[in-house]
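*Asks:* I'd like to ask you about the structure that follows.
The values are calculated or read from the model by the stated rules, or taken from the named source; none is laboratory data. Note that the structure is a prediction, hence the values are computed from the model and not measured. Cβ sites come from the backbone with ideal geometry, for glycine too, and all protein chains shown count toward neighbours. These area figures cover heavy atoms from the full protein model, side chains too; ligands, DNA and RNA do not enter into them. Shrake-Rupley method; radii C 1.70, N 1.55, O 1.52, S 1.80 Å.
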Amino acid sequence: MVSRVLDATAFYAGIPFTSQSTHYVTTLVYDEIKHIKKNHDALQILINTNRLLVKQPQTEFEERVKICAKKTGDIHSLSEGDISCIALSLELNTELISDDFAVTNVSKKLGINTIPLMTNGIKIVGKWIFYCPACKKDFSDEKNCLLCGNKLKKKLVKTK
Ligand SMILES: [Zn+2]
């Protein structure tokens, strides 16, 4: 079975909870998503059953991603978590599930196959919200944070 790396957007979309496949997640992304209390038990089950493997990429792969992202101009759009996801995909030579434009762009340059959430064969009912990675504030459709000017990132939230 093919294992894939998940980025934070894939996690927020609930991919690991609705799939029987084994997924990899980086330590940074795991730290970012494990605070989601409602998913806490589900997360623990995934870990205990080895359907979710937490792994930190080696530094040399992160360096390769950063060099590439500087060339493509995506470096400022990428969080440390984003960089770690791309680096882990590179290291494991596996596909990356992500809907983040900068992540996808840099991955393609590095020869990593990325799979957008919407074509992963999983129907997600939700809406995209935009958030500032620095201020942790949500915005409806702005491109940049109204508080600090950072480029906003987007995540899929399930609608009830
Ligand atoms: Zn901000």
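*Asks:* Taking interchain pairs and intrachain pairs at least six residues apart, which have beta carbon atoms under 8 angstrom, with the first residue in the range 140-151 and aliphatic (A, V, I, L, M) and the second open to solvent by less than 60 Å² (accessible area, probe 1.4 Å)?
*Replies:* Leu146/Phe139; Leu147/Cys132; Leu147/Cys135
*Asks:* For the range 138-151, what are the residues that are more than 6 Å from the ligand (Cβ to nearest atom) and more than 16 Å from Glu32 (Cβ to Cβ)? Walk me through it before giving the result.
*Replies:* First, the residues of the range 138-151 that are more than 6 Å from the ligand (Cβ to nearest atom): 138-144, 146, 149, 151.
Within the range 138-151, Phe139, Ser140, Asp141, Glu142, Lys143, Asn144, Leu146, Gly149, Lys151 qualify.
*Asks:* Go through (1) in a loop (DSSP other than H, G, I, E, B); (2) away from the ligand (no atom under 16 Å from the Cβ); (3) modelled with pLDDT under 80; (4) farther than 12 Å from Ala10 by Cβ and name the single condition Trp128 misses.
*Replies:* (1)
*Asks:* Provide a single number: the residues in the range 131-160 that are under 20 Å from Gly14 (Cα atoms) and either at pLDDT below 75 or not basic (Lys, Arg) (or both).
*Replies:* Residues flagged as under 20 Å from Gly14 (Cα atoms) and either at pLDDT below 75 or not basic (Lys, Arg) (or both) within the range 131-160 amount to 8.
*Asks:* Can you pull out the residues in the range 60-75 that are open to solvent by less than 30 Å² (accessible area, probe 1.4 Å), part of a helix (DSSP H, G or I) and over 14 Å from Leu28 (Cβ atoms)?
*Replies:* Cys68, Ala69
*Asks:* Quick one: Asp31 ticks every box in (1) at pLDDT 85 or above; (2) open to solvent by 30 Å² or more (accessible area, probe 1.4 Å); (3) within 11 Å of the chain's Cα centre (by Cα) bar one, so which box is it?
*Replies:* Condition (3) is where Asp31 drops out.
*Asks:* Hey, can you tell me all the residues within the range 34-59 that are open to solvent by 40 Å² or more (accessible area, probe 1.4 Å) and either within 13 Å of Ser3 (Cβ to Cβ) or in contact (Cβ under 8 Å) with a residue 24 or more places away in the chain (or both)?
*Replies:* If we filter the range 34-59 for residues that are open to solvent by 40 Å² or more (accessible area, probe 1.4 Å), which is where we start, we get 34-35, 37-38, 40-41, 44-45, 47-51, 53-56, 58-59.
Across the range 34-59, the qualifying residues are Asn50, Arg51, Leu53, Val54, Lys55, Gln56, Gln58.
*Asks:* On to the next question. When only residues in the range 76-104 that are in a helix (DSSP H, G or I) and among the β-branched types (Val, Ile, Thr) count, which is farthest from Phe130 (Cα to Cα)? So that I can check it myself, show each step before the final result.
*Replies:* Our first condition is that a residue be in a helix (DSSP H, G or I); within the range 76-104, this holds for 76-77, 80-92, 101-104.
Filter again for among the β-branched types (Val, Ile, Thr), leaving 83, 86, 103-104.
Numbers: Ile83: 19, Ile86: 21, Val103: 16, Thr104: 17 Å.
Out of the qualifying residues, it is Ile86.
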